[in-house]
Amino acid sequence: MARKVVITGLGATTPIGGDVPTMWRNALKGVSGAHTLTDDWVAKYELPVHFAARVSTPASEVLTRVEAKRLDPSSQFAVIAAREAWKDSGITEVDHDRFAVAFATGIGGVWTLLDAWDTLREKGPRRVLPMTVPMLMPNGAAAAVSLDLGARAGAHTPVSACASGTEALHQGLELIRSGKADVVMAGGAEAAIHPLPLAAFSSMQALSRRNDDPEHASRPYDRDRDGFVMGEGAGALVLEAEEHALARRARIYGELAGTSVTADAYHITAPDPEGLGATRALKAALFDARAQPEDVAHVNAHATSTPVGDRPEYTALRAALGDHVQNVPVSATKSQTGHLLGASGAVEAVMTVLAVYERKAPATINLENQDPEIPLDIVTTARDLPSGDIVALSNSFGFGGHNAVVVIRNH
Amino acid sequence: MASNEEILAGLAEIVNEETGLAPEAVELDKSFTDDLDIDSISMMTIVVNAEEKFGVRIPDEEVKNLKTVGDAVTYISGAQA
């Protein structure tokens, strides 16, 4: 019998709240974190997209100036979320050699890299600061969290585009089940609201261009969806071996009952129209959790609001859950937060854990005319979930054909 | 050209910006590593910022000789001349 893994601490910094209580209150209410960008680079580079979903509490209001100076914004978000989760877990003593980090990112320190490139071109190599490398490296966030909390059982960085955050939970579960760690700080961080990623995602027609109405731009499952809204932030979860949590009488939010990761091997960016890779991921995650499709009481969908992306997820859910899919309340929280890329899976896992713990499914905003080809039961205003034993799923899919699913069970 | 007092004040500002140390802690006889706990990466950042602030060039091979704040003030003052 594999070791059970439970979740005992939650942290987040997001466009709809700088900490978990604020984010969750807003998620139940249904708010938009998307706003018009006022930076001069929007006009300077004539970007086709003029809005994004920035963190609601700037990192500079949380970290000291010196802390912030040595961390790329993505690592700043990671440290903020991880500190909140750690405090929330109530852990006061830990065997640091049995404490690991699995902190994902999709892109890494893109601000640092591109700022340094500007400095090199404008002022020459001497002015490229020596902290550039540790700040831009994709493992920077995992390393910063490990250093901050003294986690010495490895600091891992899963990188699988927009599936990264969910894959971090998969990795964390494996680390504890295999006996390599007793406690894992798992999460994801992203800070890519920079003109280059905005231009690149625009160029591939992935971003919404609803420039005149940012708050209604992220509209998963709506007939008139036209792309995702770039978000930023981080989510963090303290994973703990069940016996470790019980021994210290921890408050347990729920069980990380199963995870799975698959690859489409179909196309570098387009989702498999039949959702085969996603279906395999869903089935494998349920199997890993020893759960039946009928046990599923809630899904936090990947649902980014792109015209081509939302539909195959429905196809996969239908294939994995069968007719039961019509009974499952589905929340698409990217309608509120925007798409946090490599952090999205972690933030959505935090919401899924809270949904199971508090028996409340968060709201999906901006659904005005549901796409008739996606006949899911979408939660448009926060809804109670049933009592008794349930599981909830959180899905993430990423460019490259990455599919990752986590299963949360009440404890 | 900056006086030694101005160089010291400017260095203290740069050190404060990089490490958070109070400017008044940056005194002439203080060792960057032993007293101010400045690691090699921060030291290089301080050097690069000092080069810009005082319009001087501090070669990499010279940095290891700048053990105290006073050494840095003397070097910058000489390099300005």
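Based on the Cβ-Cβ distance of residue B:33 and residue A:118, what FRET efficiency does E = 1/(1 + (r/R0)^6) give at R0 = 25 Å, to the nearest 0.05?
Details: r = 31 Å, r/R0 = 1.26.
For residue B:33 and residue A:118, the calculated efficiency is 0.20.
Return the average number of partner chain Cβ atoms within 10 angstrom of each residue Cβ along peptide A:122-132.
That works out to 3 on average.
Amide H to amide H, which residues 5 or more places from residue A:383 or on other chains are under 5 Å from it, using H placed in the peptide plane?
Placed amide hydrogens put A:361 under 5 Å from residue A:383.
Give the long-range amide H neighbours of residue A:52: residues separated by 5 or more places, or on another chain, with amide H under 5 Å away, using H modelled in the peptide plane at 1.01 Å from N.
Placed amide hydrogens put A:35, A:37 under 5 Å from residue A:52.
Can you sort A:194, A:96 by how many other beta carbons sit within 10 Å, fewest first? Numbers along the way, then the final one.
Working: A:194 21, A:96 13.
Arranged by neighbour count, lowest to highest, A:194, A:96 become A:96, A:194.
Kindly flag which residue pairs out of A:283/A:334; A:69/A:180; A:4/A:87; B:30/B:64; A:4/A:180 have an alpha-carbon separation exceeding 25 Å in this structure. Each step should come with its number before you reach the end.
Working: A:283/A:334 23 Å; A:69/A:180 33 Å; A:4/A:87 22 Å; B:30/B:64 15 Å; A:4/A:180 14 Å.
Correct reply: A:69/A:180.
Please give the contour-minus-distance gain from residue A:133 to residue A:211: 0.36 nm per residue of separation, less the Cα-Cα distance, rounded to one decimal in nm.
Separation in residues times 0.36 nm, less the Cα-Cα distance, equals 24.6 nm.
Across region A:337-344, in residue order, what do the Karplus-derived ³J(HN,Hα) couplings come to in whole Hz, using 6.51 cos²θ - 1.76 cosθ + 1.60 with θ = phi - 60° and x for Gly and Pro?
Coupling constants for region A:337-344: 8, x, 9, 8, 6, x, 8, 4 Hz.
What full-extension length gain, to one decimal in nm, is calculated for residue A:95 and residue A:381 as 0.36 nm per residue of separation minus the Cα-Cα distance?
Values: separation 286, 0.36 × 286 = 102.96 nm, distance 4.29 nm.
Between residue A:95 and residue A:381, full extension yields 98.7 nm more.
For region A:98-229, rounded, prolate or oblate, judged on the Cα gyration tensor with a ≥ b ≥ c (square roots of eigenvalues), a/c < 1.5 rounded, else prolate if a/b > b/c? Kindly include the intermediate steps, with their values, before the conclusion.
On the way: a/c = 3.30, a/b = 1.21, b/c = 2.73.
Judged from the Cα gyration tensor, region A:98-229 comes out oblate (a/c at least 1.5, b/c at or above a/b).
Dividing the convex hull volume of the alpha carbon atoms of chain B by its residue count, what do you get in Å³ per residue?
Working: hull volume 6.1 nm³, N = 81.
Hull volume over Cα atoms, normalised by residue count, gives 76 Å³.
Of A:12, A:265, A:241, which is the most mobile in a GNM of chain A whose springs link Cα atoms less than 10 angstrom apart?
A:265
Given points 7 Å out from each Cα along the Cα-Cβ axis, report the residue A:41 to residue A:389 separation in nanometres with one decimal.
5.1
Points 7 angstrom from Cα along the Cβ direction at residue B:24 and residue A:203: gap in nanometres?
With each label point 7 Å from Cα toward Cβ, the separation is 5.4 nm.
Within a 10 angstrom radius of the beta carbon, how do A:89, A:56 rank from fewest other beta carbons to most?
Details: A:89 25, A:56 20.
Fewest to most other Cβ atoms nearby, the residues stand as A:56, A:89.
What does the charge count around residue B:16 come to, taking other residues whose C-beta lies under 10 Å from its C-beta (Lys +1, Arg +1, Asp -1, Glu -1)? Mind showing how you got there, number by number?
Details: positive: A:65; negative: B:13, B:17, B:18, B:24.
Surrounding charge for residue B:16 is -3.
Give me a comma-separated list of calculated 3J(HN,Hα) values for region A:70-87, in order, Karplus coefficients 6.51, -1.76, 1.60 applied at θ = phi - 60°, integers in Hz, x for any Gly or Pro.
Each residue of region A:70-87 in turn: 9, 10, 4, x, 5, 6, 4, 4, 4, 5, 4, 5, 5, 5, 5, 5, 5, 5 Hz.
Arranged by the count of other C-beta atoms within 10 angstrom, fewest first, what order do B:43, A:230 take?
Numbers: B:43 20, A:230 29.
In increasing order of surrounding Cβ atoms, one gets B:43, A:230.
What is the distance, in nm, between label points placed 7 Å from the Cα along the Cα-to-Cβ direction at residue B:67 and at residue A:270?
6.8
Can you pull the Kirkwood radius for the protein assembly as shown, inverse mean 1/r over Cα pairs, to one decimal in Å? Intermediate values should be presented prior to the final figure.
Numbers: mean 1/r = 0.0426 Å⁻¹.
The answer is 23.5 Å.
Suppose R0 equals 22 Å. What FRET efficiency, 1/(1 + (r/R0)^6) with r the Cβ-Cβ distance, do residue B:74 and residue B:53 give to the nearest 0.05? Display every interim value, and only then the final one.
Numbers: r = 16 Å, r/R0 = 0.74.
My answer for the efficiency is 0.85.
Can you give the helix-only mean residue ellipticity at 222 nm for the protein assembly as shown, where every DSSP H stretch with n ≥ 4 adds -39500 (n - 2.57) and the sum goes over all residues, rounded to the nearest 500 deg cm²/dmol?
Computed mean residue ellipticity for the protein assembly as shown: -11000 deg cm²/dmol.
Rounded to whole Hz and in sequence order, give me ³J(HN,Hα) for region A:368-373 from the Karplus expression 6.51 cos²θ - 1.76 cosθ + 1.60, θ = phi - 60°, writing x for Gly and Pro.
Once rounded to whole Hz, the list reads 9, 10, 5, 4, x, 7.
Can you return the aspartates and glutamates within cross-link range of residue A:123? Criterion is Cα-Cα under 16 Å, with same-chain partners fewer than 8 residues away left out.
Within the straight-line limit of under 16 Å, residue A:123 reaches these aspartates and glutamates: A:115, B:51, B:52.
Normalised radius of gyration for region A:258-409, please: alpha carbon Rg relative to 2.2 N^0.38 Å, two decimal places.
Numbers: Rg = 13.9 Å, N = 152, 2.2 N^0.38 = 14.8 Å.
Compactness ratio reported: 0.93.
FYI, it's all coordinate maths here, none of it is from the lab. Predicted model only: the values in this text are computed from it and were never measured. Positions of Cβ are backbone-derived with ideal geometry, glycine not excepted, and every protein chain shown enters the neighbour counts.
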